[in-house]
Amino acid sequence: MTVYDVKKEDIARVSVKNKRNAVGHPCAQLADPNITVEDVLNSEIMAWPVQRLDISPPSDGAAALIYCSEDIVRQYTDDPVWVDGVGWNIDSTMWTNRDLYFPRYVSEAAKMAYKMAGIHNPRKEIDFAEPYDPFDYKELHHMEGLLLCDKGQAPILTREGVTQRDGDLPICPSGGLLGVGNPIAATMGQKACELYWQLSGKAGKRQIPGDPMVGVGQAWGDIMQMATVICMRRG
Amino acid sequence: MEKSNKKEITYPKNPAGTHLRSSDIRNKVITHSWWEPEIQYAWSIGPAMSKFLHGLKEGKILGIHCHKCKRLITPPRSFCEYCYGPTDTWVELKDTGTINTYSISYLDPNANRIEDPILIGVISIDGAYPKPMGFMHYFGEMSKDEIKIGMRVKAVWKPENEREGAITDIKYFKPYGGD
Ligand SMILES: [Zn+2]
């Protein structure tokens with residue numbers, strides 16, 4: 001907020017978007033089609049500047065995917081979704097010795113996954129993303145860490161509607177953890193499932209228009225320290 | 001849908017699962033067991049952190065160099081996590097610094113709601129580098145309306161006879177007018 005003059009209103013827009021996106025997700029705990037930025041800004045202050053509706057709930061949940069080898073996948077489906085790249089990175093545990101603005105652990109994990117996936121220009125080649133959003137501001141952090149925009153730009157893209165489901169770069173079309181829930185330790189599975197549903201055209205009411213081809217998902221762990229990234233592509 | 005000779009994969013029709021309520025546990029609708037763990041543990045903090053805590057007992061904030069990476073690290077550790085080389089040359093740092101980030105918490109350490117917020121954050125300690133380099137602590141002698149990022153602060157120590165070699169030997173950091 002200090003480095004790039006990010007407004008609380010723009011952070012709150014992430015929570016509003018995700019809780020609205022979650023309408024239509026069968027597992028959603030906190031979907032709300034009518035939530036407004038004012039609702040978020042007027043919610044109980046927990047640890048300023050973080051308020052209650054900036055936060056995802058801890059949830060019980062599980063996610064499962066079936067991985068299949070290329071040799072036999074055609075026995076099961078004509079339109080598989082491919083895992084093109086994975087990456088992971090851990091930064092120093094001493095987070096009080098680090099730049100707290102930019103999540104380098106995400107950018108390093110993303111570079112690893114993009115390299116494996118042959119993605120040279122993530123902003124052009126990635127159609128949508130499911131960054132880890134346990135708090136609304138973390139979605140913004142992680143968008144920048146995934147190299148989907150310049151530092152300080154994620155709140156502006158959010159304000160301009162670019163990250164809406166029908167925008168140029170949909171972010172958390174699932175409703176994310178803010179809207180669906182935060183099943184801690186199962187969240188990367190939750191993100192990967194949404195990539196599968198969107199890329200196979202099975203996301204129902206949550207479907208991104210225009211047949212997205214490439215999606216990226218990301219999860220976060222420990223104290224602002226660890227990230228995993230997965231790139232998936234329509235078959 | 002067209003009939004294909006693909007192998008069938010079934011999936012749960014109700015992915016949201018079944019809601020479980022606390023009354024289900026109370027009324028023994030579901031099978032459950034109850035266990036109260038009594039877990040005790042000891043944690044060895046290692047030579048570098050031990051020396052740091054001894055320093056606090058003496059009213060000093062200590063740092064240690066990684067000469068290779070040109071870092072003067074606090075809290076200190078025995079090796080540099082960027083080059084994995086050993087650290088050496090201890091330095092006594094000033095007990096002043098700059099607020100790098102903060103929060104005004106209406107939750108106490110046990111997540112109970114409190115009226116009077118706790119001011120907490122990360123202090124970049126003077127002399128340590130590269131910035132930001134420091135640790136987390138409380139802030140005092142300032143209101144929630146006065147605290148801001150970039151504010152200069154100084155440690156307020158417990159009296160010497162009350163110090164025990166803990167990070168809480170510093171009570172909090174207060175506003176500091178000096179340079
Ligand atoms: Zn080093």
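I'm trying to understand the selection: among the residues of the stretch A:41-53, which are within 12 Å of chain B (Cβ to nearest Cβ) and either outside any loop (DSSP other than H, G, I, E, B) or under 20 Å from the mean Cα position of the chain (by Cα) (or both)? Result: A:I45, A:M46, A:A47, A:W48, A:V50, A:Q51, A:R52. Among residues that are without any contact (Cβ under 8 Å) to a residue 12 or more places away in the chain, in contact with a strand residue (DSSP E or B) (Cβ under 7 Å, 6 or more places away or on another chain) and within 12 Å of chain B (Cβ to nearest Cβ), A:I72 is not included. Considered as a group, the residues in the stretch B:76-101 that are within 14 Å of another protein chain (Cβ to nearest Cβ) and away from the ligand (no atom under 11 Å from the Cβ) include one that is surrounded by the most Cβ atoms within 10 Å (Cβ to Cβ), and that residue is B:G97. Screening the stretch A:99-171 for helices (runs of 4 or more DSSP H) wholly inside it with 2 or more residues that are out of contact with any helix residue (DSSP H, G or I) (no Cβ under 6 Å at 6 or more places or on another chain) and surrounded by 17 or more Cβ atoms within 10 Å (Cβ to Cβ) returns the ranges A:104-117, A:136-145. Residue check: B:E141 meets all listed conditions (1) surrounded by 12 or more Cβ atoms within 10 Å (Cβ to Cβ); (2) within 20 Å of the chain's Cα centre (by Cα); (3) of a type outside the set (V, I, T); (4) on the phi > 0 side of the Ramachandran plot but one, namely (2). Just to verify a result, which residue in the stretch A:75-99, among those that are in contact with a strand residue (DSSP E or B) (Cβ under 6 Å, 6 or more places away or on another chain) and of a type in the set (S, T, N, Q), is modelled with the lowest pLDDT? Among residues in the stretch A:75-99 that are in contact with a strand residue (DSSP E or B) (Cβ under 6 Å, 6 or more places away or on another chain) and of a type in the set (S, T, N, Q), the one modelled with the lowest pLDDT is A:T96. Screening B:I73 with (1) within 16 Å of the ligand (Cβ to nearest atom); (2) over 17 Å from the mean Cα position of the chain (by Cα); (3) of a type outside the set (D, E); (4) surrounded by 15 or more Cβ atoms within 10 Å (Cβ to Cβ) gives one miss only, at (2). Taking every residue in the stretch B:67-82 that is in contact (Cβ under 8 Å) with a residue 40 or more places away in the chain and at negative phi and pairing it with any residue that is part of a loop (DSSP other than H, G, I, E, B) and within 11 Å of the ligand (Cβ to nearest atom), at least 6 positions away or on another chain, the pairs with Cβ-Cβ distances below 8 Å are B:R71/B:C80; B:R71/B:Y82; B:I73/B:C80; B:I73/B:T87. When B:A128, B:A111 are checked against the criterion of being small (G, A, S) and within 16 Å of the ligand (Cβ to nearest atom), a single residue qualifies: B:A128.
Note on the stretch A:195-235: residues that are closer than 24 Å to A:F102 by Cβ and either part of a loop (DSSP other than H, G, I, E, B) or free of Cβ contacts under 8 Å to residues at least 40 places away in the same chain (or both) amount to 5. Scanning the stretch A:74-85 for residues that are crowded, with 16+ Cβ neighbours inside 10 Å and either touching a His at 6+ places or on another chain (Cβ under 6 Å) or of a type outside the set (G, A, S) (or both) yields A:T77, A:P80, A:V81, A:V83, A:D84. Restricting attention to the stretch A:2-16, does a residue exist that is out of contact with any Phe, Trp or Tyr (no Cβ under 6 Å at 6 or more places or on another chain), farther than 29 Å from A:M116 by Cβ, in contact (Cβ under 8 Å) with a residue 24 or more places away in the chain and facing chain B (nearest Cβ under 9 Å)? Taking every residue of the stretch A:2-16 in turn, none turns out to be out of contact with any Phe, Trp or Tyr (no Cβ under 6 Å at 6 or more places or on another chain), farther than 29 Å from A:M116 by Cβ, in contact (Cβ under 8 Å) with a residue 24 or more places away in the chain and facing chain B (nearest Cβ under 9 Å).
Scanning the stretch A:54-72 for residues that are surrounded by 12 or more Cβ atoms within 10 Å (Cβ to Cβ) and farther than 15 Å from A:A28 by Cα yields a total of 3. Entry remark, the stretch B:130-164: residues being assigned to a strand (DSSP E or B), of a type outside the set (A, V, I, L, M, F, W, C) and more than 10 Å from chain A (Cβ to nearest Cβ) number 3 in total.
Selection over the stretch A:10-31 of residues that are at pLDDT 95 or above and part of a loop (DSSP other than H, G, I, E, B) gives a count of 1.
Within the stretch B:106-119, can you find the residues that are facing chain A (nearest Cβ under 8 Å) and among the aliphatic types (A, V, I, L, M)? Once the filter is applied, which keeps residues that are facing chain A (nearest Cβ under 8 Å) and among the aliphatic types (A, V, I, L, M), the stretch B:106-119 yields only B:L107.
The values are calculated or read from the model by the stated rules, or taken from the named source; none is laboratory data. If you're wondering where the values come from, they're calculated on a predicted model, not measured in any experiment. Cβ atoms come from the backbone with ideal geometry, glycine included; neighbour counts cover every protein chain shown.
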